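Data block below; observations after.
The values are calculated or read from the model by the stated rules, or taken from the named source; none is laboratory data. The structure displayed is predicted, hence computed values, not measured ones. Here the Cβ positions follow ideal geometry from the backbone for every residue, glycine too, while neighbour counts run over all protein chains shown.
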C-alpha cells in the first residue's frame, strides 16, 4: 500500500517539485499552502479513514504557521510523523520543535532526492519502532 504524504508549504514551486519527487518514489501526495488548509485536509482524510502517514511541514506560512499546526494537532490528540522544512531555523526553534516530537528537520534549500531519502528513513524507523512495540 502506498504511503500518503501531505506537503504543507506556501511556496507553490516547492509543493510542485516535492510532489513530483514523492510520486516518482511511489508515494501518494496532497499539498496545502498553510497550516489552516492542512488541518482541513488532515481532518478530511481521517474522516475518510485514509489518514496521512507523514507531514512535510514548512514553519513560516500565512494564516497558520507550521508550529501552530503542530500545536493544534497535539491539542486534538493527533500524532502524525512530521518532517519540518524551513529556511529560517535557529537553535531555539529547533529545540521547540524537538520538544513537540519533530526530530527530523531539513534546512532549505535541499535537492528533492534528499527529501525522498529522509522520508524513507523516517518511515523505516517508525515501522521498526512500531514492530518492536508489538
Residue 94, sole failed condition from (1) more than 23 Å from residue 22 (Cβ to Cβ); (2) surrounded by fewer than 14 Cβ atoms within 10 Å (Cβ to Cβ); (3) touching a strand residue (DSSP E or B) at 6+ places or on another chain (Cβ under 7 Å): (2)
Just to be sure, is residue 69 in contact (Cβ under 8 Å) with a residue 60 or more places away in the chain and crowded, with 19+ Cβ neighbours inside 10 Å? yes
Index of the failed condition, residue 7 passing every other in (1) in contact with a strand residue (DSSP E or B) (Cβ under 7 Å, 6 or more places away or on another chain); (2) part of a helix (DSSP H, G or I); (3) touching a residue at least 12 places away in the same chain (Cβ under 8 Å): (2)
Within the range 103-112, can you find the residues that are in contact with a helix residue (DSSP H, G or I) (Cβ under 7 Å, 6 or more places away or on another chain) and either part of a loop (DSSP other than H, G, I, E, B) or touching a residue at least 60 places away in the same chain (Cβ under 8 Å) (or both)? 112
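Does residue 85 fit the bill of being in a strand (DSSP E or B), in contact (Cβ under 8 Å) with a residue 60 or more places away in the chain and within 12 Å of the chain's Cα centre (by Cα)?
Yes; evaluated as a whole, the condition is true for this residue.
I'm trying to understand the selection: among the residues of the range 40-60, which are out of contact with any helix residue (DSSP H, G or I) (no Cβ under 6 Å at 6 or more places or on another chain), over 20 Å from residue 118 (Cβ atoms) and in contact (Cβ under 8 Å) with a residue 24 or more places away in the chain?
Step one: list which residues in the range 40-60 are out of contact with any helix residue (DSSP H, G or I) (no Cβ under 6 Å at 6 or more places or on another chain), which gives 40-50, 53-56, 60.
Add one more test, that the residue is over 20 Å from residue 118 (Cβ atoms), and what stays is 40-50.
Passing the criteria: 41, 42, 45, 46, 50.
Rundown of residues vs (1) under 14 Å from residue 8 (Cβ atoms); (2) touching a strand residue (DSSP E or B) at 6+ places or on another chain (Cβ under 7 Å); (3) not in a loop (DSSP other than H, G, I, E, B), yes/no style:
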position: 39; (1), (2), (3): yes, no, yes
position: 50; (1), (2), (3): no, yes, no
position: 60; (1), (2), (3): yes, yes, no
position: 121; (1), (2), (3): no, no, yes
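Do we find that residue 47 is more than 17 Å from residue 7 (Cα to Cα), exposed (fewer than 13 other Cβ atoms within 10 Å of the Cβ) and at pLDDT below 90 in this structure? Quick ask: steps written out before the conclusion?
Values: more than 17 Å from residue 7 (Cα to Cα): yes; exposed (fewer than 13 other Cβ atoms within 10 Å of the Cβ): yes; at pLDDT below 90: no.
Criteria not met by residue 47.
Scanning for something over 12 Å from the mean Cα position of the chain (by Cα), surrounded by 19 or more Cβ atoms within 10 Å (Cβ to Cβ) and at pLDDT 95 or above, does the range 24-31 turn up at least one residue? Walk me through it before giving the result.
Applying the first criterion (over 12 Å from the mean Cα position of the chain (by Cα)) to the range 24-31 yields 24-28.
Cutting the leftovers down to surrounded by 19 or more Cβ atoms within 10 Å (Cβ to Cβ) gives us 27.
Subsequent filtering for residues that are at pLDDT 95 or above retains 27.
The answer is yes, given that some residue of the range 24-31 is over 12 Å from the mean Cα position of the chain (by Cα), surrounded by 19 or more Cβ atoms within 10 Å (Cβ to Cβ) and at pLDDT 95 or above.
For the structure I just gave you, tell me whether residue 95 is in contact with a helix residue (DSSP H, G or I) (Cβ under 7 Å, 6 or more places away or on another chain), without any contact (Cβ under 8 Å) to a residue 40 or more places away in the chain and either more than 18 Å from residue 39 (Cα to Cα) or in a loop (DSSP other than H, G, I, E, B) (or both).
The answer is no for residue 95.
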